[in-house]
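The values are calculated or read from the model by the stated rules, or taken from the named source; none is laboratory data. Please read these numbers as outputs of a predicted model, since none were measured by experiment. So basically every Cβ, Gly included, is an ideal-geometry build from the backbone, and we count neighbours across all protein chains shown. Note: areas computed on protein heavy atoms with side chains; ligands, DNA, RNA excluded. Shrake-Rupley method; radii C 1.70, N 1.55, O 1.52, S 1.80 Å.
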Amino acid sequence: MERQEIETFLALCEELHFGRTAKRLRISPARVTQLIQKIERQIGAALFVRNTHGVALTELGRKFQSDLAPAHEAIERIIQQTIRDAKGISGELRLGFLGTANGRHLVELARRFQARQPGAAIRLVLESEISDHLRPLREDRADVIAVPLPIREEGIVVGPVVLRERLLLAVPEGHPIAERGHGSYEDFADNPVVVAAGDPDDYWIDHFVPRRSPSGRPIERTHLVESLQAGIALVMAGEGIGPIIAQFAQYNQHPGITYVPLDGEPVVQSALVWSAARETELIRDFARVAEAQGPITLDWPRQQDA
């Protein structure tokens, strides 16, 4: 049987209508009839019953479909994979990110990668949520994501660092900390603190908002938010203060909120991360391109602005 005959038979099995099958395959209804009759002559029996009510599969037709469809799909996958292999490393890579600057840098890395591997398809598909930034990997909605460190979770590979930036403090406009022009971790013990929602024992939250200040005073995490915008709204309303990475501050400047540097100018690094169970050569090669490119530094606010 020829490929067109197989595709016509399987399409008619799904459509059960000669006109719709012809439209789907972009051929004439007469051509569909001709191909089906040819197959039935080769088989030596009817595969479809045609009557005034439409088209139905015979018992033999149903068995032929159940046996043929998986084999046809497997052959198509092999053909498409061989075409991709002929062009070099191939396949589709879905990228995600947390932070607009990370997303913009991924776009640039994707351009460089596709110039090197034109057979690969790279898509920027989503932005992670601050409350559960690794969820896209667990749910297989992204292959690689760029997120701030630290990452210490089983089954997650931490790849090259792609961005470095400062950790800032978000405070209401006119707040004493804003007037001072800088903040400290001691300020966390003196004010309501806005943090990302999630597991209260999450090491990622502890990294940005420790449980105690340097002098040992307890820090109360007053507001747990599911999104960055919710946190910004609370700070603007004067409900608290919170740590914020420079790229979040850069793309969320509004009246009513001020971003000040934290004492010690802590640096946050973002890296490419992916699931160890779904690691592919495509992912590894993309990571090599990112490593060769090296991390960018987001200098905001500039030293003279701090």
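The table below gives the values:
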| item | result |
| --- | --- |
| Contacts under 9 angstrom Cβ, first residue in region 114-129 being under 20 Å from Gln80 (Cα atoms) and aliphatic (A, V, I, L, M), partner open to solvent by 90 Å² or more (accessible area, probe 1.4 Å) and part of a strand (DSSP E or B), 6 or more apart | Ala120/Glu92; Ala121/Glu92; Ile122/Glu92 |
| Whichever residue in region 100-158 is small (Gly, Ala, Ser), farther than 14 Å from Ile283 by Cβ and assigned to a helix (DSSP H, G or I) and, among such residues, is most open to solvent (accessible area, probe 1.4 Å) | Ala115 |
| Selection count where residues are within 15 Å of Ile219 (Cβ to Cβ) and open to solvent by less than 40 Å² (accessible area, probe 1.4 Å), scope region 178-196 | 10 |
| Selection within region 275-304 - of a type in the set (Phe, Trp, Tyr) and either at pLDDT 90 or above or assigned to a strand (DSSP E or B) (or both) | Phe286 |
| Condition check for Leu93: open to solvent by less than 20 Å² (accessible area, probe 1.4 Å), in contact with a helix residue (DSSP H, G or I) (Cβ under 6 Å, 6 or more places away or on another chain), part of a helix (DSSP H, G or I) and modelled with pLDDT of 90 or more | no |
| Scan of region 206-248 for residues that are part of a strand (DSSP E or B) and either surrounded by fewer than 13 Cβ atoms within 10 Å (Cβ to Cβ) or of a type in the set (A, V, I, L, M) (or both), ordered by number | Arg212, Pro218, Leu224, Val225, Ile241, Ile244, Ile245 |
| Region 1-60 - residue that is hydroxyl-bearing (Ser, Thr, Tyr) and not in a helix (DSSP H, G or I) and, of those, least open to solvent (accessible area, probe 1.4 Å) | Thr58 |
